[in-house]
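The values are calculated or read from the model by the stated rules, or taken from the named source; none is laboratory data. Here the structure is a predicted model, which is why all the values come from computation and not from measurement. Using ideal geometry, Cβ is built from the backbone for each residue, glycine included, and neighbour counts are taken over all protein chains shown. Accessible surface areas use protein heavy atoms only, side chains included; no ligands, DNA or RNA. Shrake-Rupley method; radii C 1.70, N 1.55, O 1.52, S 1.80 Å.
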Amino acid sequence: MVAGGLCPYRVSASIDRLSFRQRAALALQIVGRYNQADKREIRVFGVLYRWINSQTVDGREWLLRRNCMLTPTQLASFMAMAGLLSLSVALAWGLAGVWWVLPFALIEIVGLSIAFFVYSRHATDLDRVIVGDEKVVVEVVDGSKRSRSECPSERVRIAYSQGKKSLIQLRLGSNDWHIGRFVPESQREALAKEIAKALGVTLQPIRV
């Protein structure tokens with residue numbers, strides 16, 4: 001049973017009659033009701049974003065990341081096979097006397113390599129917030145750069161103001177951290193309120 005008791009068959013039969021906007025609204029409703037370890041997902045312009053709120057041994061944890069369909073290892077395997085296939089075809093044509101095909105195959109392999117580098121560089125990017133009884137941990141991974149900070153819970157403040165490209169601000173002592181880049185703008189305030197509730201503080205507007 002899904003979405004308030006409707007069976008899957010009736011849901012699929014009804015969806016065919018809906019417009020694009022109605023389907024999007026229905027998808028958001030179903031996503032809002034989906035709850036497994038307080039895991040929330042939402043699609044924005046075809047990209048699936050995820051935040052996971054779970055209880056760990058260190059405290060309450062929020063894991064914010066983009067949902068990549070392939071890990072860098074899986075993508076590397078796929079691109080290696082594609083490159084080998086392209087090179088094999090080019091060599092076959094080369095042995096048949098059509099050597100000008102080979103440079104184009106090499107250009108394709110170089111293009112695949114560049115695409116893999118660009119994808120894998122940020123495939124594992126994430127924001128992580130852990131609210132424990134005594135301390136708060138914030139970890140941010142951006143490409144090859146990994147940053148981490150800890151602070152006693154009583155010295156942590158959180159702020160958020162709605163606006164274009166506005167992120168959630170966490171102040172750990174004298175350090176400011178901005179999180180929520182992988183969460184849709186329409187969901188950031190809800191996330192900020194969740195974290196503020198776990199911290200036992202009031203969500204403040206960002207001071208410019």
- Query: Does at least one position in the stretch 178-190 carry a residue that is under 16 Å from Gly59 (Cα atoms), touching a helix residue (DSSP H, G or I) at 6+ places or on another chain (Cβ under 6 Å) and open to solvent by less than 20 Å² (accessible area, probe 1.4 Å)?
  - Reply: no
- Task: Considering each of Gly132, Gly143 in turn, give the residue that is over 17 Å from Asp58 (Cβ atoms) and open to solvent by less than 50 Å² (accessible area, probe 1.4 Å).
- Result: Gly143
- Residues that are more than 18 Å from Glu194 (Cβ to Cβ) and touching an Asp or Glu at 6+ places or on another chain (Cβ under 8 Å), drawn from the stretch 107-139: His122, Asp125, Lys135
- Message: Residues that are at pLDDT below 85 and of a type outside the set (S, T, N, Q): does the stretch 144-162 have at least one?
- Response: no
- Message: Let me spell it out: the conditions are (1) surrounded by fewer than 13 Cβ atoms within 10 Å (Cβ to Cβ); (2) within 25 Å of Val137 (Cβ to Cβ); (3) hydroxyl-bearing (Ser, Thr, Tyr), and Thr124 meets all of them except one. Which number is the exception?
- Response: (1)
- Breaking point among (1) more than 19 Å from Gly59 (Cβ to Cβ); (2) surrounded by 11 or more Cβ atoms within 10 Å (Cβ to Cβ); (3) under 22 Å from the mean Cα position of the chain (by Cα), for Gln204: (3)
